[in-house]
Every structure is written in structure tokens, then in C-alpha cells.
Amino acid sequence: MERVVIVGGGIVGACTAYFLALLGHRGEIIVLERDPSYRFASTTLSAASIRTQFTAAVNVRMSLFGIAFLRSLPERFGTEADIGFHEGGYLVLAAPEQAGNLARCQRMQVAEGADVALLDPPALAARFPWLEVAGVGAGCIGNRNEGWFDAHALLTLVRRGAIALGARFQAAEVVGIEPAAEGFTVATAAGERLFADRLVNAAGPWAAHVAAMAGIALPVEARKRTGFVLRAPLAGAGMPLVLDVSGAWIRPEGEGFIAGIAPDPERDPPAGEDFAPDVDLMEDKLWPALAARIPALERLRMVRAWAGHYEMCTLDHNAILGPHPGLPGYFHANGFSGHGVQHGPAAGRAIAEWIRHGRYVSLDLSPLGYARVAAAHPLPEDAIY
Ligand SMILES: Cc1cc2nc3c(=O)[nH]c(=O)nc-3n(C[C@H](O)[C@H](O)[C@H](O)COP(=O)(O)OP(=O)(O)OC[C@H]3O[C@@H](n4cnc5c(N)ncnc54)[C@H](O)[C@@H]3O)c2cc1C
């Protein structure tokens, strides 16, 4: 009987527990989550969108499984399972000098099975009359398999599904990990010590702290991202998530919109425990960019702002996944760099397959392994917003 301890019960930890239980893990599955309210978890603070438009093929594959997983929720968790998935698509815009790159990526995405199409500026203007196409060289629209949903609802479903299959979620903060004979001793803030045959680090933006407890250097840092809830005299119905050449993004949400923009690199230091929204980004960067691209947004109104943390992989903006070379039984599920809600199902299934079968079965995610970190050999993902 083998005990697997998963540190962190956000979407990645919950999906790992769910798939492990589904694959018939013989033994205990314990998820240690220090805050079952998930107040500061990335999962519940995310924009909860899914896309197939990435620059690294492995991310397209993970998203396609993510979509298949979202579509399979009623079959897995019952017909009431509803996360409000809206297949609105992404519209990714490129400046004229980047249009060739966008076309190259579109061809790769299509080869991987994505349904995305390139549009030139006249076609963009005809299809999206509210869009200003000056300064745009091309756009790429997701016709299928891209959209947004309720991430908290997804987490609740997966967590319940894992529990129904026998996994246990325990409120506990992990403060120490000591390698022991054929496993680990895990210490909690409450003074409990429990043995783990296998240990999965799924601690999101706090992953580097957890890895350090086991003596592992992990290039993952928390980076603050501010989201804005907006109202504007523009109908959101039928509008995709628009990613502008400026880096600003906006999508419909309820009666209005949500939007964001990455801060300047010098204003993007490790976030620590700072969750105060950077509201000045609105006036300084976001509003001018949005109003230039979508003139109706000249008259937008900010309703509120919130901030969450990306778990940024500083090596290459890609997940670090799988067994740690040199520390048997220790698994990484970290560094998703702002695309972990959509990649949680693929990551969870992959870790579960490795623990159960000693290898990836459905999707080979070995390119995301720690070996590239040890060798300082990045696998870049450029489509991070
Ligand atoms: C503003 C914003 C927008 C985003 N938009 C998207 C998007 O549109 N699409 C997308 O796919 N992704 C998006 N993301 C990224 C996504 O939210 C994350 O990649 C994903 O949620 C990571 O999931 P996780 O389970 O690894 O981390 P988390 O959800 O953060 O879960 C980690 C958990 O570990 C717990 N934990 C940490 N340390 C310990 C410890 N020592 N002991 C016990 N528990 C511990 C934490 O309490 C936390 O609950 C966005 C993120 C932000 C902040």
C-alpha cells in the first residue's frame, strides 16, 4: 500500500488526486491544502480561459486534452456538472512584423489538431466591425476549442470527484520535507509528521518554497497579475477574447468584460505575498491600449480590480513536470506560468500515469521534465499574457 501525498489542493493537485484515484492507485492519496477557502490560490483568482494558441506544441496538446476534459464533465461527474463553459474563441492579433510568426504558429497549431484560422486586416475588419485594425498585420481566431469557464466550479467538481473515488483532502500547511528511507517525512505546521512513499509538489506560486524544503532549486516565482472588471457601451455577445499587439487582453464576462495587461518588466518583481491590485495599470497602460484597438472602449468604466499570482517559470515560461532526477518518489507539477487552469487536467493525468505505470501513457510530457532545468536548456513558450 503506497501513500501519495500531494502538497497543494488547487486545480493541479486536485486533478492529480482525481486521476490517481481513477487509475486505481493502490494505497492512500492525501492532498494537504493549507487554505481550503482557496482565497489566494491562483486557480480561484484566474481568468479561467482555455486556448490552443501557444508557441510550443506540447502546450497545444495539453490544451486539447483540457478541452476534452471540460466536455467530459457531465459523463465524469453527473449531468449537473456545469462550469459555464463558453466557447467564445481567442482572437490573437499580431503587429505587421510579427505576422509571419503568427502564421508559423497557426500552422503548427493546426498540425497538432487545433481549429484556428488566420485573418488578414480586411477580413478582421469585416468579421469584427468594432475592431480597429490599424497597426495589425494579421489575426488568428480559434473557431473551436477555446473559451472560458468558472475555474472555482471546475476545482469543486474535480475535488469532489477525487474524494468520491477515495482521495482525502486535509487542511494542513506543509513546513518540512525530509527524504527518508524509500520516501519522505512530511511535517505540518500543526506538528503532525506523516510518511509519504511519493510526494507531489502542486503548490502553485509557492512551489519553490516547497521544493526548497526537499533541497531542490526550482526556477518558479510568484508574479502579480491584476485583472479588471469593466463595463462599456459595447455588446459582448459573440465577442472572442481579444489579445492585442500591445499585450492587453479583454473578454466578455456577465454583463460586461474582464481585461488585463502584463506590467512593465521592471514593475514585475517576485510578488511575495502582495495581492494588492495594481490599479494604476488601468490608466497607464490598459485603457489607452483597449481604446485604441476597440474604439467603443474609449468610454469604459472600471467596476473593480483583483490580483492573483502567476507561478512563473523563469527559465522558459513552461511547466516543470514529472519525477525529479536524483530524488526518487518526488514529483514536480509546477511553473505553469499563467496557463495552469487549462493544463491542470493534462498535468494531473500525466503525474498519475507516471506514479501508476512508471511512464507517461496518454501524452508524452517528458519535454517538460526537470532535466531541462538542470541542463539550463529552455523550452520557450512565448504566448504568455
Ligand atoms: C490573474 C490570473 C489570470 C489567470 N488566467 C488564466 C487563464 O485564463 N487560464 C489558465 O489556464 N490559467 C490562468 N491563470 C493561471 C492559473 O490560475 C494557474 O496556472 C493555476 O491555477 C495553477 O494551479 P495550481 O493548482 O498549481 O496552483 P494554486 O491554485 O495556487 O494551488 C496551489 C495551492 O497550494 C497551496 N499551498 C501552497 N503552499 C502550501 C504548503 N506549504 N502546504 C499546503 N498547501 C500549500 C495553496 O494554498 C494553494 O491552494 C491565471 C492566473 C492569474 C493569477
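The values are calculated or read from the model by the stated rules, or taken from the named source; none is laboratory data. This is a predicted model, so every value here is computed, not measured. Note that each Cβ is placed from the backbone with ideal geometry, even for glycine, and that neighbours are counted across all protein chains shown. All accessible areas refer to the heavy atoms of the entire protein, side chains included, with ligands and DNA or RNA removed. Shrake-Rupley method; radii C 1.70, N 1.55, O 1.52, S 1.80 Å.
Against the condition closer than 27 Å to residue 96 by Cα, more than 16 Å from the ligand (Cβ to nearest atom), outside the structural domain of residue 172 (by TED's automatic domain parsing) and surrounded by 20 or more Cβ atoms within 10 Å (Cβ to Cβ), how does residue 286 come out, does it pass?
So residue 286 fails the test.
Only residues that are polar (S, T, N, Q) and not in a loop (DSSP other than H, G, I, E, B): list them for the range 335-385, please.
342, 366
Would you be able to tell me the number of residues in the range 106-157 that are open to solvent by 40 Å² or more (accessible area, probe 1.4 Å), part of a loop (DSSP other than H, G, I, E, B) and aliphatic (A, V, I, L, M)?
1
Among the residues that make up the range 44-65, is at least one of them within 21 Å of residue 227 (Cβ to Cβ), β-branched (Val, Ile, Thr) and modelled with pLDDT of 95 or more?
Yes, some residue in the range 44-65 is within 21 Å of residue 227 (Cβ to Cβ), β-branched (Val, Ile, Thr) and modelled with pLDDT of 95 or more.
Of the residues in the range 310-323, how many are open to solvent by less than 30 Å² (accessible area, probe 1.4 Å) and either more than 12 Å from the ligand (Cβ to nearest atom) or over 26 Å from residue 196 (Cβ atoms) (or both)?
4
I'd like to check something: does the range 268-282 contain any residue that is within 19 Å of the chain's Cα centre (by Cα), open to solvent by 60 Å² or more (accessible area, probe 1.4 Å) and not acidic (Asp, Glu)?
Yes, the conditions are met somewhere in the range 268-282.
For residue 195, work out the one condition from (1) closer than 30 Å to residue 266 by Cα; (2) in a strand (DSSP E or B); (3) more than 13 Å from the ligand (Cβ to nearest atom); (4) not small (Gly, Ala, Ser) it doesn't fulfil.
Only one criterion is unmet by residue 195, namely (1).
Do we find that residue 112 is within 21 Å of the chain's Cα centre (by Cα) and of a type outside the set (A, V, I, L, M, F, W, C) in this structure?
yes
Being away from the ligand (no atom under 12 Å from the Cβ) and surrounded by fewer than 20 Cβ atoms within 10 Å (Cβ to Cβ) is the filter here, so list the residues in the range 33-63 that pass it.
Listed by number, the residues that qualify are 55, 57.
Kindly provide the set of residues from the range 265-297 that are part of a loop (DSSP other than H, G, I, E, B) and more than 20 Å from residue 135 (Cβ to Cβ), ordered by number.
Scanning the range 265-297 gives 268, 269, 271, 272, 273, 274, 275, 276, 277, 278, 279.
Within the bounds of the range 24-32, is there any residue that is within 15 Å of the ligand (Cβ to nearest atom) and out of contact with any strand residue (DSSP E or B) (no Cβ under 6 Å at 6 or more places or on another chain)?
No: the range 24-32 contains no residue that is within 15 Å of the ligand (Cβ to nearest atom) and out of contact with any strand residue (DSSP E or B) (no Cβ under 6 Å at 6 or more places or on another chain).
Consider residue 351 carefully, then state whether it is under 18 Å from the mean Cα position of the chain (by Cα), outside the structural domain of residue 245 (by TED's automatic domain parsing), more than 20 Å from residue 69 (Cβ to Cβ) and within 16 Å of the ligand (Cβ to nearest atom).
No.
Specify which of the listed residues (283, 298) is among the charged types (D, E, K, R) and touching a helix residue (DSSP H, G or I) at 6+ places or on another chain (Cβ under 6 Å).
298
Tell me which residues, restricted to the range 293-309, are open to solvent by 40 Å² or more (accessible area, probe 1.4 Å) and either hydroxyl-bearing (Ser, Thr, Tyr) or touching a Ser or Thr at 6+ places or on another chain (Cβ under 8 Å) (or both).
The one that is open to solvent by 40 Å² or more (accessible area, probe 1.4 Å) and either hydroxyl-bearing (Ser, Thr, Tyr) or touching a Ser or Thr at 6+ places or on another chain (Cβ under 8 Å) (or both): 306.
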